[in-house]
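Trainee: Here it is: the structure, laid out below.
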Amino acid sequence: MAFSYTSKFQDALAALKREGRYRVFADILRERGAYPKAGLFAPGQTYTDNKGRPITVWCSNDYLNMGQNPKVLAAMHEALDSVGAGSGGTRNISGTTHYHVELERELADLHGKEAALLFTSGFVSNDATLATLAKLLPGLIVFSDALNHASMIEGIRHGGVAKYVYRHNDMAHLEELLAAANPLAPKLIAFEGVYSMEGSFSHTEQICDLAEKYGALTYIDEVHGVGLYGARGAGVAARDGTMARIDIVEGTLAKAFGVMGGYIAASQELVDCIRSFAPGFIFTTSIAPVIAAGALASIRHLKGSDAERSQIAERASTLRRMMTETNLPVMDSVSHIVPLLVGNAALCKSVSDTLLTDHGIYVQPINYPTVPRGTERLRFTPSPAHSDAMMQQLVGALNLVWDAHKIARAA
């Protein structure tokens, strides 16, 4: 009898559905110039929920609405009209345009580093860089924060090196692990600037102190920090005054910068090594020139404008306060991310579904493996475009849904 492939796939999917972790994608269309308004797509019916009302997006990573910024759109239109759609190949084989070169220079300048390197996504930049560093540094030991993103975890795993996980933001535990390691071995501390599901900041100064004490490289994932923190939007390390002490900065163009793609910034030698040895960079088509042009315009704008950063900080603080005042279980976050604890996967999805269908509010449930079981949550990302009226409507809807689902309130 032949192996039953289909039944194995069906069993795997059934298990996800039983746990309430089966992911359903919302088919939406954002309306240019009207963000955060959008709509569920249906033939002949766009920009509305299933009751004919526009929906409000509350979970986008386009934190500063730069995906709608006129400068970004104009730059992308100009690039499209000038050079066409795709890049035409890998960076080595016809896929390097002046847009890519300019963007890498701009990113290096943003972080005060000698060089930068573009990737197709933030996931790929983490995975490819960390795995390649492991190959370049035999005997490397990686010290990884317990809440690091899946892309960092995968990159470390693909490198096949020794890894020690320290408790989230626990500097005493990190030092304990560093002190116990072979003092002659190469070491790397991998951490994030902002932890996207918790909204917590890393202790960049203490990590740099420990790295210098024990001879380790520092690797910061700034994907949720670039554009949002620091005088020019270089991230949490820039805000903390530690950027010059960080060896490798990894970031994205897909969140606060509003487009897509990933990158690293570091010394000329390190970047050249990743460029020369990382399969995830060498063997993939480069990002389209139109994407590079949009990202370049976005970065240049945010380097010179603090308005968006001030606005998102105020919006997040206001939403957090409004939720707290009604005893909604806001998790401990001091960043631009506002998570609400639900604590059950099936319940989290049910709440999300009810908010969308009955109230026109789109916020995606965050379940395992993105977060540990028992900490399922709704993750809100208020932007400069979310008004007080939108927040009042959101909090009112949350209170109705919370009571209807009998979910625990904050003490």
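Trainee: In segment 91-105, which residues have a backbone nitrogen under 13 Å from the label point lying 7 Å from Arg300's Cα in the Cα-to-Cβ direction?
Mentor: It comes to 99-100, 102-105, nothing else.
Trainee: Tell me, what are the semi-axes, in whole angstrom and largest first, of the equivalent ellipsoid of segment 173-296 as set by the roots of 5 times the Cα gyration tensor eigenvalues?
Mentor: 27, 19, 12
Trainee: Also, quick follow-up: I'd like the accessible area for Asp332: 1.4 Å probe, protein heavy atoms, all chains in place, Å² to the nearest 10.
Mentor: 140
Trainee: Net charge near Phe201, counting Lys/Arg +1 and Asp/Glu -1 over other residues with Cβ under 10 Å of its Cβ?
Mentor: Summing Lys and Arg as +1 and Asp and Glu as -1 gives -2.
Trainee: A follow-up question, please. Apply 1/(1 + (r/R0)^6) to the Cβ-Cβ distance of Ala307 and Ala34, taking R0 = 22 Å, and write down the FRET efficiency to the nearest 0.05.
Mentor: 0.65
Trainee: Taking only Cα atoms and a 10 Å spring cutoff, compute GNM fluctuations for the chain and point out the largest among Arg321, Arg377, Arg232.
Mentor: Arg321
Trainee: Next up: Could you derive backbone 3J(HN,Hα) for segment 382-390 from the dihedral phi with the Karplus parameters 6.51, -1.76 and 1.60 (θ = phi - 60°), listing whole Hz in sequence and x where the residue is Gly or Pro?
Mentor: Coupling constants for segment 382-390: x, 10, x, 8, 7, 7, 4, 4, 5 Hz.
Trainee: When ligands, DNA and RNA are left out and all protein chains stay put, how many square angstrom of accessible area per residue does the chain have with a 1.4 Å probe?
Mentor: 43
Trainee: With r defined as the distance between the Cβ atoms of Glu114 and Arg157 and R0 fixed at 30 Å, what FRET efficiency is calculated, to the nearest 0.05?
Mentor: 0.55
Trainee: Here's a follow-up. About its Cα centre, what dipole magnitude does the chain give when the only charges are +1 on Lys and Arg Cβ and -1 on Asp and Glu Cβ, stated in debye to the nearest 20?
Mentor: About 920 debye.
Trainee: Additional query: Share of the chain's accessible area from carbon and sulfur, percent, 1.4 Å?
Mentor: 56
Trainee: Can you put Tyr214, Tyr263, Tyr362 in order of accessible area, largest first, using a 1.4 Å probe?
Mentor: Largest accessible area first, the residues go Tyr214, Tyr362, Tyr263.
Trainee: With labels modelled as points extended 7 Å from the Cα through the Cβ direction, what inter-label distance (nm, one decimal) is found for Asp81 paired with Ser387?
Mentor: Result: 3.3 nm between the two label points.
Trainee: Can you pull the percent of Cα pairs in segment 276-411 with separation above 20 Å?
Mentor: 56
Trainee: Between Lys17 and Ala231, what is 0.36 nm times their sequence separation minus the Cα-Cα distance? Round to one decimal in nm.
Mentor: So the chain would gain 72.5 nm between Lys17 and Ala231.
Trainee: Here's a follow-up. Hey, which lysines would be in cross-link range of Lys406, C-alpha to C-alpha under 28 Å, not counting anything within fewer than 8 residues on its own chain?
Mentor: Lys406 reaches Lys17, Lys51, Lys349.
Trainee: Which of these, Met390, Met243, Met152, has the largest mean-square fluctuation under a Gaussian network model of the chain (Cα springs below 10 Å)?
Mentor: Taking springs between Cα atoms under 10 Å, the residue moving most is Met390.
Trainee: Which of Gly258, Gly227, Gly89 ends up with the largest GNM mean-square fluctuation for the chain, with Cα atoms connected below 10 Å?
Mentor: Maximum fluctuation in the GNM of the chain, among the listed residues, is at Gly89.
Trainee: Given the rule -39500 (n - 2.57) for each run of at least 4 DSSP H residues, summed and divided by the residues of the chain, what is its mean residue ellipticity at 222 nm, to the nearest 500 deg cm²/dmol?
Mentor: Result for the chain: -13500 deg cm²/dmol, rounded to the nearest 500.
The values are calculated or read from the model by the stated rules, or taken from the named source; none is laboratory data. Here the structure is a predicted model, which means the values were calculated and not measured. Quick reminder, even Gly has a Cβ in these numbers, built from the backbone with ideal geometry, and neighbours come from all protein chains shown. Areas reflect the complete protein model, heavy atoms only, side chains present, ligands, DNA and RNA absent. Shrake-Rupley method; radii C 1.70, N 1.55, O 1.52, S 1.80 Å.
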